[in-house]
Amino acid sequence: MGLVGVDLTYVPVGVDLTYVPVGRKRRSVLAIYARFQGESIHRAIYLEQLAVSDLADKLAQRLEMPTGPVVEVVRRTKKGVMVKVDDSVVMQLDDEQDMEVEWAFSSESGALTLCLHY
């Protein structure tokens, strides 16, 4: 049965038929909550890649430090053991992991060292 008397060429007013929705440009794969030394609240950090380079870049941006290399990212365990953070450590982080972040900045070299506690 066909539709008798129905105009199938009707276009509603205000509808752009050429519109193509644009997907989100950046998608986070991991959210962490970081509290920096001297602060009382945590800040949300969203990683786009499970990589130590992305973690270091995002933390440095939040610290609003001058652009310079992050030389080292380490984790201090509850027992006080210092562990170098690499991509495999970042992959093991839980979504919405909370942590405290200490940092040291060398004005001579411009290098930033980050120490994570969680």
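Couple of notes before you dig in:
- Every helix of 4 or more DSSP H residues in the chain counts as -39500 (n - 2.57), and over all residues that averages to -4000 deg cm²/dmol at 222 nm.
- Accessible area per residue for the chain is 73 Å², calculated with a 1.4 Å probe on protein heavy atoms, without ligands, DNA or RNA.
- Kirkwood analysis of the chain, using all unique Cα-Cα pairs, places the hydrodynamic radius at 17.3 Å.
- The packing ranking, built from the mean of other Cβ atoms within 10 Å per residue, places the peptides 82-90, 26-34 in the order 26-34, 82-90, highest first.
- Helix 52-63 axis versus longest C-alpha principal axis of the chain: approximately 90°, rounded to the nearest ten.
- Cα lying deepest toward the dipole's positive end in segment 54-100, options Val73, Val83, Ala60, charges on Cβ: Val83
- Apolar share of the accessible surface for the chain: 53 percent from carbon plus sulfur atoms, 1.4 Å probe.
The values are calculated or read from the model by the stated rules, or taken from the named source; none is laboratory data. Not measured: the values here are computed from a predicted model. Counting neighbours? That spans all protein chains shown, and the Cβs are built from the backbone with ideal geometry, glycine included. Heavy atoms of the whole protein, side chains included, go into the accessibility calculation; ligands, DNA and RNA do not. Shrake-Rupley method; radii C 1.70, N 1.55, O 1.52, S 1.80 Å.
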